[in-house]
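Here the structure is laid out as structure tokens; the discussion comes afterwards.
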Amino acid sequence: EAQVTQNPRYLITVTGKKLTVTCSQNMNHEYMSWYRQDPGLGLRQIYYSMNVEVTDKGDVPEGYKVSRKEKRNFPLILESPSPNQTSLYFCASSLGGAYLGPQHFGDGTRLSIL
Amino acid sequence: GESVGLHLPTLSVQEGDNSIINCAYSNSASDYFIWYKQESGKGPQFIIDIRSNMDKRQGQRVTVLLNKTVKHLSLQIAATQPGDSAVYFCAETEQAGTALIFGKGTTLSVSS
């Protein structure tokens, strides 16, 4: 089954403790992206990757890092999480850039930073 | 069926009605538009898309209409079912765009 898989689905942690949210897709998609979803603000892009070793900032990249060492994986790293990063996070992938076709989303990771 | 002229955060309909969800966009350079459905506890799910060289596209029970003159997009759901209850988002991007810009979302509630 074609899917985007995120782990963990839920995480409660404390300020400053580094964490990584993994994302993997099995559709051989070149484009991958991370979004956060907040009430009243909708979905906003954090980082995206057009292909292996190619990443770039989205609208709200502060406090986040990403890497794209393999085509299928696109982890989101919070080096020193803060409470304002408490949010619902989604990973997405598509064949090419956002214009070439619809993005397919994972089921989300709910992060709570205390 | 129920329809809204402007974007409203919620829409309540009866099972079997036709639903119309509206979305306004501001970027005249936007060239590709997508409707997503998001159920509770899940990620956005692709419903239908349309490019700016079209003004209408139909899928199974869904139709998307695009009016570039007034920068307006709508999603029509025929014979709405309880399983259609969800939050619906429109999204847009420019040609060679690297990100989707999402609208605020409309919560559709279907009662039987």
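The values are calculated or read from the model by the stated rules, or taken from the named source; none is laboratory data. Quick caveat: nothing in here was measured; it's all calculated off a predicted structure. Heads up, the Cβs are rebuilt from the backbone with ideal geometry, glycines too, and the neighbour counts pull from every protein chain shown. For accessibility, only protein heavy atoms count, side chains too; no ligands or nucleic acids. Shrake-Rupley method; radii C 1.70, N 1.55, O 1.52, S 1.80 Å.
Listed by first and then second residue, the pairs linking a residue in the stretch B:71-98 that is under 19 Å from A:Q45 (Cβ atoms) to a residue that is of a type in the set (S, T, N, Q) and surrounded by fewer than 17 Cβ atoms within 10 Å (Cβ to Cβ), with Cβ atoms under 7 Å apart and 6 or more places separating them unless they lie on different chains, are B:V87/B:T107; B:E92/B:N27; B:E94/B:N27.
For the stretch A:14-66, a tally of residues being open to solvent by 60 Å² or more (accessible area, probe 1.4 Å), more than 20 Å from B:C90 (Cα to Cα) and either in contact with a helix residue (DSSP H, G or I) (Cβ under 9 Å, 6 or more places away or on another chain) or assigned to a loop (DSSP other than H, G, I, E, B) (or both) returns 9. Here's a check for you: in the stretch A:85-104, which residue that is among the aromatic types (F, W, Y) and within 9 Å of chain B (Cβ to nearest Cβ) is surrounded by the fewest Cβ atoms within 10 Å (Cβ to Cβ)? Among those residues, the one meeting the criterion is A:Y99. One residue alone among A:S82, A:S94 is touching a strand residue (DSSP E or B) at 6+ places or on another chain (Cβ under 8 Å), of a type in the set (G, A, S) and over 16 Å from B:T98 (Cβ atoms), and that residue is A:S82. Would you say A:S24 is more than 11 Å from chain B (Cβ to nearest Cβ) and either of a type in the set (V, I, T) or more than 15 Å from the chain's Cα centre (by Cα) (or both)? The answer is no for A:S24.
Considering the stretch B:54-74, the residues that are open to solvent by 60 Å² or more (accessible area, probe 1.4 Å) and in a strand (DSSP E or B) include one that is farthest from the other protein chains (Cβ to nearest Cβ), namely B:N67.
Set side by side, the residues B:A91, B:A29, B:A96, B:A24 differ, and just one is on the phi > 0 side of the Ramachandran plot and at pLDDT below 95, which is B:A96.
You will find that of A:G108, A:G101, the residue that is under 10 Å from the mean Cα position of the chain (by Cα) and closer than 23 Å to B:Y36 by Cα is A:G108 and no other.
Consider only pairs whose beta carbons are under 6 Å apart and that are at least six residues apart or on different chains; among these, list those whose first residue lies in the stretch B:21-44 and is assigned to a strand (DSSP E or B) and whose second residue is open to solvent by 20 Å² or more (accessible area, probe 1.4 Å) and among the polar types (S, T, N, Q). Pairs that qualify, where the first residue is assigned to a strand (DSSP E or B) and the partner is open to solvent by 20 Å² or more (accessible area, probe 1.4 Å) and among the polar types (S, T, N, Q), are B:D31/B:S52; B:D31/B:Q95; B:K37/B:Q45.
Output the residues belonging to the stretch B:75-112 that are open to solvent by 10 Å² or more (accessible area, probe 1.4 Å), among the polar types (S, T, N, Q) and away from chain A (no Cβ under 14 Å). Within the stretch B:75-112, B:Q76, B:Q81, B:S85, B:S109, B:S111, B:S112 meet the criteria.
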